[in-house]
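Since the structure comes first, as structure tokens, the remarks are kept for the end.
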Amino acid sequence: MKRQSRIGILALMVMAGCAPPGSPVAGDAALPITALANQNQCGALDQPAVRWISDSGAWRALYAQINRQRMNPPPPPPVDFPRTGVLLIAMGQRSTAGYGLALADEVATVRGGMLTVRVSWREPLPGARRAQVMTNPCLLATLPDAGFTQMQVLDQEGQVRLEGER
């Protein structure tokens, strides 16, 4: 009975974002996720990717990389490392306008070590007129570090768009 109580308390802590960093999640968990930025020009992110950033040094380097084309970019938003991490979702380089990313839910889920994030994955309609301009859409979001080992990004239709390992 005591073990069940401890597991229940750990699950509540994870759902509230209070679990120790990197703690494994017992069963299913819902984690609050918050968008830090979604940009159409994320410098040097030419390939689709999902990446977990778990420390301030990697966060500063990534933020500088995605803002390298901007003159006088603002400093990176503060992140409460190590309790919280940053999730990068990048569409990769696109040759026209009309692409973009946004969070579809305010909650991400962890099941069996797999973090699942739902996004609005916007693409121009086939045959639509659009500006011929190179874009690199990306989304940066924060969420509690809950010890997941795999990541997947689902679009608004439930289609897996990106997968990655932590």
Inset, instruction - Kindly check whether there is at least one residue in segment 75-94 that is in a loop (DSSP other than H, G, I, E, B), within 28 Å of W121 (Cβ to Cβ) and at pLDDT below 90. - result: no
Legend entry - Conditions (1) surrounded by fewer than 16 Cβ atoms within 10 Å (Cβ to Cβ); (2) without any contact (Cβ under 8 Å) to a residue 40 or more places away in the chain; (3) within 15 Å of R166 (Cα to Cα); number of the one not met by T116: (1)
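The values are calculated or read from the model by the stated rules, or taken from the named source; none is laboratory data. Quick caveat, the model's predicted, so the values are computed rather than measured. No Cβ is skipped: glycine too gets one built from the backbone with ideal geometry, and neighbour counts run over all protein chains shown.
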